[in-house]
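One structure is given here, and the rest of the page talks about it.
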Amino acid sequence: MSIFDDILFESEEALLQRFYKFKAGPSLPTTSITEIAKHFMLRKEQLICALGFNPDARLLIELLPILGFATFNELDQERNNIFIFDIYKKLPLDNVEKIYERIQSTQDMLNVMQYLLTKRLEKVESEIESTVNSMIIEKYKSEMRAIYGMGIASMEFTEDRLNKKDSGFRALLNEVTMIVENKLIPVGEIFFRDAILPQEKQKLLNKGLIPKELVQLRANEDGIKPEEKKILMDYLRLNKE
């Protein structure tokens, strides 16, 4: 494990032991948070997020003056800004994925993360739209797999993603398949939604995730898009018993 991972997962007692040596005193000058981070071979932003997303750190008021924060709210604000606005630079992908792993069983942190996720993904998607950077796209895909695979995505978050009219990013990620494979929403319910693109349904069919009976039922519905109708009928023709 890296130093980032250690700090992110450490217990209250271990954190206190790690940081106590930086406590200022009559004969000890104050050490800046940047200097403390360098001591651990981390960026300041990594240290703030490792501590900020560690639920056990919330029990240590003694840490605040050592790090230069007056309150946990102040630390949270700094943590949130880094998490939302940094796109795989000062807080790399492996750190982000470890944060998801750390908070997946902590309800309070999961609740906070729902707000942060929406803002962060808006920023990531805006960056992709403006740069079309292939490295960012691949990291974005990996992050989204972690969000769904580790149970970070709430039902509200998932529904919001499915209801987006501009679903280009959803299609890029093959996000509907992620949602189905992680059993967030029943596949039959998703398959009958008009908001799901025909190409997205094609991917579900290609992976064998849709029972043939449901394909037949959907194909018999009135008013479905011609493109979807063709996909469904082609599938049924190729999968005759």
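We did not get these values from a lab; they are worked out from the coordinates using the rules stated. Just so it is clear, the model here is predicted, and its values are computed rather than measured. Positions of Cβ are generated from backbone atoms using ideal geometry, with glycine treated the same way; all protein chains shown enter the neighbour counts.
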_Helix-only mean residue ellipticity at 222 nm for the chain, each DSSP H run of n ≥ 4 adding -39500 (n - 2.57), per residue, nearest 500_ = -19000 deg cm²/dmol
*With +1 on each Lys and Arg Cβ and -1 on each Asp and Glu Cβ, and nothing else charged, work out how big the dipole of the range 98-194 is about its Cα centre, in Debye to the nearest 20.*
200 debye
*Gln77 versus Ala195, label points 7 Å from Cα toward the beta carbon: distance in nm?*
3.4 nm
_Residue (of Gly208, Pro65, Thr118) at the positive-pole extreme of the chain, dipole from beta-carbon charges_ = Gly208
_For peptides 123-132, 171-180, sequence by mean Cβ density within 10 Å, most packed first_ = 171-180, 123-132
*Per-bin percent of Cα-Cα distances, the chain [10 Å]*: 7, 27, 26, 18, 11, 7, 3, 1, 0
*By how many nm would the segment from Asn163 to Met135 grow when fully extended, if each residue of separation counts as 0.36 nm and the alpha-carbon distance is taken off?*
7.4 nm
*Neighbourhood net charge (9 Å Cβ-Cβ; Lys/Arg +1, Asp/Glu -1) for Thr177*: -1
*Based on Cβ point charges of +1 for Lys and Arg and -1 for Asp and Glu, what charge dipole magnitude is obtained for the range 37-149 about its Cα centre, in debye rounded to the nearest 20?*
220 debye
_Using 0.36 nm times the number of residues separating Glu122 and Lys183, minus their current alpha carbon distance, what extension gain do you get?_
19.5 nm
*asked:* Under the 0.36 nm per residue contour assumption, what length would be gained going from the current alpha-carbon distance of Lys225 and Ile3 to full extension?
replied: 74.6 nm
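With contacts defined as alpha carbon pairs under 8 Å and 6 or more residues apart, what's the relative contact order of the range 97-241 in percent?
18 percent
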